[in-house]
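Worksheet: the structure to be examined is printed underneath.
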Amino acid sequence: MIKVLVLNESHFPLAGNRMAQVQDLFRQSFPDLAEYADQLPSRLQNPIEHGYHSILLIAESALGRVDAFALLVHFPGIHCAFLDFIASKGEIRGTGIGGALYEGVRELCQEIGVNGLYIEVQPDRPENTPDPEALKDAKRRIRFYEQYGVRIIDNPTYSTPVGDPPTSAFLLFDGLGKTSTLKRKDAQEAVKNILTHRFGHLVTPDYLHAVCIGFQNDPVNFLPLRSKKIHDGEALVKSHRLSKLFAVVHSPKHELHHVKERGYFERPIRLNAINQILSEGHLFTPVAPKKYSDQHLLAVHDTDFVTYLRTICTTLKEKRPVYPNTFPLRRKVNRPKVLAVQAGYYCIDTGTPLYANAYIAARATVDTVLTAADELLSGSKRMVYAACRPPGHHAGKRFYGGFCYFNNAAIAAHYLSSQARVAVLDIDFHHGNGTQDIFYDRADVFFMSIHGHPDYAYPYFSGYADECGEGAGLGFNRNFPLPPQTDEKKYLNTLKSALKILDGFKPEILIVSLGFDILKGDPTGTFLLPPSAFKTIGELLMQTRIPLLLVQEGGYNIRNIKRGCVALFNGLQTAKPG
């Protein structure tokens, strides 16, 4: 099976292996440009430095072998792209991998708003390409592209040999199914960017000017089709080949945890509404959760706490929950021997019951978030969404509450911290007190929370601005408490300020504890944000260019959840590169 992926990262082990394979294939395919292979990781990470955005796509076999790659240059300001390099292993040519890869390139261009894709090929004319094998290869390449509706632009100046030794090329145009014509001003603008940013070391200003005035007609003329089997308007229609840019991990076991008591807002319909939106958007690759050992859970939560939750849930009858009703004084205390009474020892409120299936659902959510973390480490996804339920950010090292049992975001952050610099940004309405508790004395995970002020909002006793960490973690904890009736402008300005601070930490992975309860009308929140604010939030998060792991937390107004979800993922998809 062939998978076509976008490779966003290279410093994680699996992604690094893929990048190394691409670099080897690059050196084999383009031996005269071997030094360019060393620059590939930096070109993916520093688009502004080069004046454009580089995107690397790979075609991978079922055994994880990279068989082909394509390097795309994206000029977002003029909505065009240039296919800089494309190559496949010699022994697999003719197997359909090249076609699958190019279809992935076209699909990606359509998804990121490209209106025209430009390609260079060696001219299929003996006077430009005297070597018989090179001429044969040039003819094959042009016929290949023509089946997708790609046309050779009629501009003799462009194919004039340049450089030392001199080389020449045809410039091709792919309208990506949107258009079969090319406006002269669009072609001129594209050529200026391609020749200036990619070939500025080869071309002179006089040559650039000559190429631009070489577009004499409007719309631009194309050379006759080379293939006699293809006529204008008869490009092949191809199926989707590109693995989606985003992935979602979801466990159906969340439905086992269903508290049906009146006034309990944390219900299965919350996550089902989100999954419905995701299935309709065709934006996410669904990934089934894998099973992970308890060691990752116990790295974040105390063993006695985990043992307690597992033990009491397995002893409960389905309709006989345990609610805590007695809480210890805030000093060192002994635990009572009766399990039901111990609920007050571990729980921070009276609104988070223990049911027979609570542990099963919460443990499945741990597998969900760890699977999402591994999906992000693969380097093939720019963003992964862990559709978690029950939520987790109120669960600390040895306590639960706020509908939360295990801290999903913190478990993922600890898991990822051994391989990358990790930051957690909590944008749920309620302070992520559990996440703060877990990382308060640690410097390897940076935690920030924007939330309702604890003078007015749950969990009340944490989330103040002066809580900045302690010991090794001093300075690695930041809180942004906001007053009731906070509107969109104030919230987004606070988020922008938080992201600037985050930039100083230079995280390599950003985990976002996501709550739709910041929207106006949520029964647990007092902010006044409209659902459309989430589009801006999505854009701001994507513009950080940090790989994102979204972990679902709160949000209890179903209409808000649906509308906010659509806005958020639209923002993530359409954001301009930062």
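Considering (1) surrounded by 24 or more Cβ atoms within 10 Å (Cβ to Cβ); (2) farther than 30 Å from L354 by Cα, say which one Y400 fails and leave the rest.
Condition (2) is where Y400 drops out.
Search the stretch 376-395 for residues being among the charged types (D, E, K, R) and crowded, with 24+ Cβ neighbours inside 10 Å, and hand back the single one that is farthest from D428 (Cα to Cα).
The qualifying residue farthest from D428 (Cα to Cα) is K381.
If you scan the stretch 31-78, which residues turn out to be over 24 Å from E111 (Cα atoms) and at pLDDT 85 or above?
Those that are over 24 Å from E111 (Cα atoms) and at pLDDT 85 or above: P31, D32, L33, A34, E35, Y36, A37, D38, Q39, R65.
Filter the stretch 193-207 for residues that are under 31 Å from the mean Cα position of the chain (by Cα) and either part of a helix (DSSP H, G or I) or of a type in the set (S, T, Y) (or both) and give the result. It would help to see each step written out before you state the result.
Narrowing the stretch 193-207 to residues under 31 Å from the mean Cα position of the chain (by Cα): 193-199.
Within the stretch 193-207, N193, I194, L195, T196, H197, R198 qualify.
Which condition number does Q28 fail, the rest of (1) modelled with pLDDT under 90; (2) exposed (fewer than 15 other Cβ atoms within 10 Å of the Cβ) being met?
(1)
Those residues that are closer than 19 Å to R226 by Cα and surrounded by fewer than 17 Cβ atoms within 10 Å (Cβ to Cβ), I need them from the stretch 143-201; list them, please.
R143, F144, Q147, P156, S180, T181, listed by residue number.
Among the residues of the stretch 468-503, what is the count of those that are closer than 17 Å to A410 by Cβ, assigned to a strand (DSSP E or B) and of a type in the set (A, V, I, L, M, F, W, C)?
0
Which ones in the stretch 544-578 are more than 12 Å from the chain's Cα centre (by Cα) and aromatic (F, W, Y)?
Y556
Out of the stretch 269-307, which residues are under 30 Å from G344 (Cα atoms), at pLDDT below 95 and surrounded by 17 or more Cβ atoms within 10 Å (Cβ to Cβ)?
R270, L271
Looking at the stretch 173-196, which of the residues that are in contact with a helix residue (DSSP H, G or I) (Cβ under 9 Å, 6 or more places away or on another chain) and of a type in the set (D, E, K, R) is modelled with the lowest pLDDT?
K178
Quick one: would you say A386 is farther than 21 Å from N433 by Cα, under 25 Å from the mean Cα position of the chain (by Cα) and at pLDDT 95 or above?
Working: farther than 21 Å from N433 by Cα: no; under 25 Å from the mean Cα position of the chain (by Cα): yes; at pLDDT 95 or above: yes.
When the stated conditions are applied, A386 does not pass them.
Of F199, F222, F170, which residue is in the same structural domain as V105 (by TED's automatic domain parsing) and modelled with pLDDT of 90 or more?
F170
Return only the number of the condition from (1) in contact (Cβ under 8 Å) with a residue 12 or more places away in the chain; (2) out of contact with any Leu (no Cβ under 9 Å at 6 or more places or on another chain) that S418 does not satisfy.
S418 satisfies every listed condition except (1).
Suppose the filter is assigned to a helix (DSSP H, G or I) and of a type in the set (A, V, I, L, M, F, W, C); does A465 pass it? If you could, list the steps in order and put the result at the bottom.
On the way: assigned to a helix (DSSP H, G or I): no; of a type in the set (A, V, I, L, M, F, W, C): yes.
So A465 fails the test.
Filter the helices (runs of 4 or more DSSP H) completely within the stretch 263-327 down to those with at least 1 residues that are touching a strand residue (DSSP E or B) at 6+ places or on another chain (Cβ under 9 Å) and either within 17 Å of A372 (Cα to Cα) or in contact (Cβ under 8 Å) with a residue 24 or more places away in the chain (or both).
268-281, 303-315
Any chance the stretch 130-149 includes a residue that's among the polar types (S, T, N, Q) and more than 23 Å from E111 (Cα to Cα)?
Within the stretch 130-149 (the criterion being among the polar types (S, T, N, Q) and more than 23 Å from E111 (Cα to Cα)), the answer is no, since none of the residues qualifies.
Which number in (1) under 12 Å from the mean Cα position of the chain (by Cα); (2) modelled with pLDDT under 95 marks the one condition that L541 misses?
Status for L541: all satisfied but (2).
The values are calculated or read from the model by the stated rules, or taken from the named source; none is laboratory data. Worth saying up front: this structure is predicted, and the values here are computed from it rather than measured. Ideal geometry is used to build each Cβ from the backbone, glycine not excepted, and the neighbour counts take in all protein chains shown.
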